[in-house]
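Before any comments, here is the structure.
The values are calculated or read from the model by the stated rules, or taken from the named source; none is laboratory data. Because the structure is a prediction, the values reported are computed rather than measured. With ideal geometry, Cβ positions are generated from the backbone for all residues, glycine too; neighbour counts draw on all protein chains shown.
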Amino acid sequence: MAERVGVLTSGDLGDDLVRRTLLARVDAARRLAAYILRDATAAEDAVQQAALLAWDRRRTLHADGDADGWFTRIVVNVCRDELRRRARRPHLVALTPEHAVPGGQVPGPGDRGGDEELAAAIARLTSDEQTLLALRFGRELTVPALAAILRVPEGTVKSRLHSTLRRLRAALDAERRAREDLQ
Amino acid sequence: MTDGRDPELEARVRALYRTLDPGPAGAGFEHRVAQAVDRRARSRERRRWAVSSAAASIVVALAVLGGLRLAAQVATPASPSASAPAPSPVPSAPTKPAAIASATPTSPAATAPSTSPTTGTALDRVGWFPGGLWAVRGPSLLVSTDDGATWRIGTMPGSATSPEQDPWLPVVAMADASHAVVLTAAPGAVLTGSGSASDVLHLIASRSSDGGRTWTSSAIPGNWPGTIVSLAFPDAQHGFVQVMPDRMYAGVVEGAVIATTDGGRTWSIVSRQATWAQRPLNPWLGSEFAASDATTLWAGANAEAGPVAHPVLAVSRDAGRTWQGVTLPGLAEAVGGTVYGGTQVWLAGPPTFTSATDGWLAAAGSETKNANQLTLVFRTTDGGRRWSLVSQPLGQPSGGVAVLDAAHWLVPVDNLPGSGILQTDDGGGAWSPLPGAGAATTPWLVWIHALDATHVAAATPVANSYPDRVTLLLSSDAGRSWTPAILPSP
């Protein structure tokens, strides 16, 4: 549930409330970051960075603000930037043929135990698409909740979900072709 | 699946995310975050105090010295144009135009240069031509021929809007300060993102010979959905478009090299890149695309999340008609005999040439034994027929090589503690981080270019921007300090 926070302008009382507001949300944020980044360690780093950003921007959390949505947006933005950095420079692996990883990504902890083909296909999507999938199917947010977090109309959320799943199907096809080529 | 939904795929995605749940946090996680926040709160308090103290000290100093002139000298950073650029010991600064697409954003912490913590203008594209820089900001094309000190404002062609689904467009190249070409999507583009055969992406080339004051358009032949579009103009007459299948659609859609020899009036397909079935005969090309003269083209692997079957670097010496893989010594050994361009070894940028013979190349790789990330710097002195591995300092390059002179080169790196830019002043013998370019304060540079022996331009991504945008940074002291470029308002 979203918690309404008080006036947070200046002074020890306001800062202390912000601090408690943040710390009460870091575990949920860590799970969300793990869904988006597919790496538990990276998720902890992202949440710590997000907490610091949130602290720096604490005056943007208004008296009638939705603290959950406010902090979630910051976490999502940090994770999305990290995904973009990964896309620019994929994780490098030991350069021996036996270590070649289809999709070019080092599997995250969850990838190893799960559907590697699907994980690699998701890694082919854009950072925004990966984030949307994590919010919808990892965090299990409803379309209205997604619209509030992403600050877009519900119709836009629906169309983006639709196109993202379509792109994911194409990515799965590409991943299958790539794996066949390596064999 | 009747309404566009795919319950089976959705269930599969949900199942994957369930395996990603990290479970309860360790006992120390919240404590670590709390400590970090508390440290930040204390450091902010100290900073406020320090700023006030410094301001008070300056006031006292001015009162003692009694002169505003001295204050101005102390407080005003040197303009990039304040000192005449030193002549370059190499034949010239790089002489072939290049362009970068907009860059991938960075973390919010890495947005300010080390010595000038001000916010620069967010730009849609930046690039260079012999003797200058260009930048795109919304409807404006800005051109500088004085190392970024002043800018002339032109306009982008009226059609320079592109489908939201294609972040690669528009693509811009300038052959010189007057001749510009912009590629955009023709009206009626259909990009479903599925790699469908029914998708449509026709390209329009708009050309200007007056620095963006007036434009004339012509059509690029072919339909190129699902491709990455690149553009190179080695001179005002010769230009090349490369459309390479995006890795998502590799094997499904076709790529090509399309050329003009009349400044962009007419275009023709000179070679096609393979679909999956054709690939053994006609491999893909990488999207790090450049032309070092009217007949020599380069295509290198960028950071694709492969695997891809194209060479790490390929060259055409017949204006794009035929292509050959380039041997980069040391690379085959580094990857255990298997090269998957784009996955394990990729280029930080296309080759940089300072003359018809002298070229540089930076690739990202890693050590076989311990997977330490390396910057592989290659050098050619015969126009790229043979490349030698000059050195391989630790760190992952995030941009190409900036060649200030024959011995002094810069390479931006992304992940080496304590450094943001590696420099060598002995032709690659030894590399060291630039003083003052610490990782905590140096922006993530995704592009770098030496204008002469002292002036350098670089681009850093704007955090949280979509479509991706960059800030242009300028240095007039060989990269030791950087200032965000100040561009005029439209």
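Tallying residues that are modelled with pLDDT under 90 and among the hydroxyl-bearing types (Ser, Thr, Tyr) within the range B:283-320 yields 1.
Cβ separations smaller than 7 Å between residues 6+ apart or across chains give the following pairs from the range B:469-490 residues that are closer than 18 Å to B:Asp405 by Cβ to residues that are of a type in the set (S, T, N, Q) and part of a strand (DSSP E or B): B:Gly479/B:Gln423. Among the residues of the range A:139-164, those identified as in contact with an Asp or Glu (Cβ under 6 Å, 6 or more places away or on another chain) and of a type in the set (A, V, I, L, M, F, W, C) are A:Val143, A:Ala147. Of all the residues in the range B:393-431, those that are in a loop (DSSP other than H, G, I, E, B) and surrounded by 20 or more Cβ atoms within 10 Å (Cβ to Cβ) number 15. Residues in the range A:131-152 that are assigned to a helix (DSSP H, G or I) and either among the basic types (Lys, Arg) or at positive phi (or both): A:Arg136 only. Given the criteria away from chain A (no Cβ under 14 Å) and modelled with pLDDT of 75 or more, does B:Leu361 qualify? Yes: the conditions hold for B:Leu361.
Applying the criterion of being of a type outside the set (Ser, Thr, Tyr), in contact with a helix residue (DSSP H, G or I) (Cβ under 7 Å, 6 or more places away or on another chain) and assigned to a loop (DSSP other than H, G, I, E, B) to the residues of the range A:8-38, the residue that is modelled with the lowest pLDDT is A:Leu8. Within the range B:380-390, not a single residue is modelled with pLDDT under 95 and under 24 Å from B:Asp477 (Cβ atoms).
Flag: A:Thr142 does not match the condition of being of a type outside the set (A, V, I, L, M, F, W, C), modelled with pLDDT of 85 or more and surrounded by 21 or more Cβ atoms within 10 Å (Cβ to Cβ). If the condition is being small (Gly, Ala, Ser) and free of Cβ contacts under 8 Å to residues at least 40 places away in the same chain, then the range A:131-153 contributes A:Ala145, A:Ala147.
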